[in-house]
1. What does the extension gain come out to for Ala364 and Lys429, with contour length at 0.36 nm per residue minus their alpha carbon separation?
2. For a quick check of your reading of the filter: which GluC sites (Glu not before Pro) in the stretch 189-257 sit in a DSSP loop and have no more than 16 other Cβ atoms within 10 Å?
3. Pop out the carbon and sulfur fraction of the accessible area of the stretch 91-233 as a percent, whole number, probe 1.4 Å.
4. Taking R0 as 45 Å, what FRET efficiency do you get between Gln553 and Ser123 from their Cβ-Cβ distance, rounded to the nearest 0.05?
5. When the accessible area of the stretch 569-671 is split by element with a 1.4 Å probe, what percent falls to carbon and sulfur?
6. 5 Å is the cut-off here: which amide hydrogens, built 1.01 Å from N in the peptide plane, fall below it relative to Ser568, excluding neighbours closer than 5 in sequence?
7. Tell me, what is the FRET efficiency for Glu100 and Ser265 to the nearest 0.05, using R0 = 25 angstrom and their Cβ-Cβ distance as r?
8. Return the loop-located GluC sites (Glu not before Pro) in the stretch 138-194 (DSSP other than H, G, I, E, B) with at most 14 other Cβ atoms within 10 Å of their own Cβ; answer none if there are none.
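The values are calculated or read from the model by the stated rules, or taken from the named source; none is laboratory data. For clarity, every value in this text was computed on a predicted model and none was experimentally measured. Here the Cβ positions follow ideal geometry from the backbone for every residue, glycine too, while neighbour counts run over all protein chains shown. Ligands, DNA and RNA are stripped out before the accessible areas are found, and what is left, the full protein with its side chains, is counted by its heavy atoms. Shrake-Rupley method; radii C 1.70, N 1.55, O 1.52, S 1.80 Å.
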Amino acid sequence: MNGPSKMPKIIPTNDAKLVNQQPAISTPTNGNPSGRSEAPWKRKQLEHVNADGSLDLSKLSMRRNSSYGRIPSETQEAKVLVIYTGGTIGMMRNEKHALEPRPNEFVRKIRKYPNMHDDVYASKRFGETKNMAPLVLPYVEGQHRRILYQITEYEPLLDSSNMGVSDWVRIATNIQQSYEFFDGFVILHGTDTMAYTASALSFMFENLGKTVIITGSQIPIFETRTDGKDNFTSALILAGNYIIPEVCIFFNSRLFRGNRTIKISCESLDAFNSPNTAPLAKMGINVEIDFRLIFRSCTMEKFMVHTKLAENVGLLRLFPSISIGTVKAFLQPPMTGIVLQTYGAGNFPTSRADLIDILREATARGVLIVNCTQCNEGSVCELYETGRLLQDIGIIPGYDMTPEAALAKLAYVLSKEGWDHEMRMLMMKSNLRGELSRERNPEMQEYDLIDAVARTLQLTSTKELHQLKSTLFPAMVNSAVIAGDVSKLSNLKGYGADLSVENYDRRTALHVACCEGNFDVVQYLLQHGVAVHVRDRYDHTPLMDAILHDHHQIIGLLVKCGAHLTGSIRAIGESLCNAAAKNLPNRLESYRIAGADLSQEDTCGRTALHMAAMHGNMAALRYLVKKEVEIDAVDYLGLTPLDYAIKLNTTPVIDFLLQKNARRGEEIDGDTKSPDSFES
Ligand code: ASN
């Protein structure tokens, strides 16, 4: 894998080429996550702030995805990062009435649009800093979260015809750097090459767990008649409220899987379609999401970005009487991968022995050639001898992949260093990101169980059966989770149950499993694509449920799969203080495994160690000292944990902390005994 493996040291605002007209959502004022000024007597240096005042993400640990702004919000909010790359959506007319992108205008203008930005909410939320704060989407009836969005404008703004691999890498890298700070991502992009970008990003993003939506428009957003406003607003609503862990394209009321999409019109507002897969969602009066269609990564890995793509790949479209010279020239080295666009269901002129010989030579040299149809709809299959022949000479069937997806997939597969030729052939035939369908949809297999109930209730129509399934399956899945019965879960899946479904409290089977604490069940659900980032009605992620039930092994597993703590860092500080006040070292350990900084302060600047000292809780105190928290942390009253212990006269705590301080003094003088020795 070629993606950067380390946490980046900078956030997008520090990208020299980015033009930001707003502070990063995750960048609180003065580097102080609470957004207020630092207590003057506070001795501690903010270790996550660089000398130049920028944030060092590698040191933030739990100080991620923090809330920001003057006051914590009472409303549930979602944070969406918008990357504005260019395209018609943001263009304006010049004196000659021609459309052109205008740098640094987009955010300024959007801020003045009452249906794109709620100034009243922004004033309450951010006070006098509101003009520098993120934009706020006005309240949307029926949606549970308020969308706060930050627009990052690229420089230069591009017509999408001018975009290429380096632009995809830039977008992918920016999303990777911001991944834990935002709930979802929207990319504003020109329509001309949108399907190529969507296809490429879908492969570059490995183990994607959050929603990424690319959108644009046929008419600029600032014109009176525009499709841009609806496309942009809908993309924000979907990205902030729903976990659809795919790279999607939103256009003209429909959300498509990006790598299934083609541009079908340069005039109509209905510019995109995905002929071989139904839309993932439709925005009518209501938002209708087809959760069963969503492609879910079933790996147990964290989100990664693969930034290296093979460049010597191309599209070769057959036409009657194509010359041997053209094909020969096209297949010459350094070409390593070709999408061959054939007729109908993958047919090639069998009468052209000259061409067949050249193709055979190329596959023998190791060039990957994928057979895709020139038709927009349908799949390459072995129906005709003219198609079967290509497989015989080592050409890979591309099934129903779009040419854009096949090309992007070739660029991805050919750049995977750990894969040999056989593996690459296999991967090209496999469904990696929902880009192709090979088998019959398993959904329509036997429904014995449902059938039996349906017969008893005399339900016959497809709609009735659908309703029955959506009522029965979630209850059955939950009872299997509570019973810790993985084989029952697997049977239910076989019967067509959707393991990712959310209940009325927006809780999933994974939330329940994380409370119950059965490791195998949690692992099974994760392996079958249930999202780690879903937040329920009470803003709890599955990770938070596992923490509150102290299932350490499960917390570790969730973190391995990319789960992270969310919400305000002061709230985490408060939870740690609570755990210490209740003398719960186990809970403190849960937070630590989840990525919390055990020295995190609460709203009064107190740490868990202050609370443990204040309450005389030796178990929590020992645990915290063993984990090397800041022993001399000073709260907003200027007091250390030892000061509290002295004021409250908690003798064992005083003895322990004094002994610890004395030992530290000895260590400084050359004694290097481990802190564990305090345990005895
Ligand atoms: N030429 C424009 C682009 O692709 C078309 C559009 O955005 N509608 O950037």
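1. Working: separation 65, 0.36 × 65 = 23.40 nm, distance 1.81 nm.
My answer for the length gained is 21.6 nm.
2. Numbers: sites: Glu206, Glu223, Glu246; in loops: Glu223, Glu246.
Hits after loop and neighbour filter: Glu223.
3. Details: 2750 of 5280 Å².
Solvent-exposed carbon and sulfur of the stretch 91-233 make up 52 percent of the total.
4. On the way: r = 46 Å, r/R0 = 1.03.
In this case the efficiency is close to 0.45.
5. Working: 2130 of 4260 Å².
Ligands and nucleic acids excluded, carbon and sulfur give 50 percent.
6. Excluding prolines and chain starts, which carry no amide H, the hits are Ser67.
7. Numbers: r = 22 Å, r/R0 = 0.90.
Step by step, r from the Cβ atoms, then E = 0.65.
8. Values: sites: Glu141, Glu153, Glu180; in loops: Glu141.
When the GluC sites (Glu not before Pro) of the stretch 138-194 are filtered for loop state and at most 14 Cβ neighbours within 10 Å, Glu141 remain.
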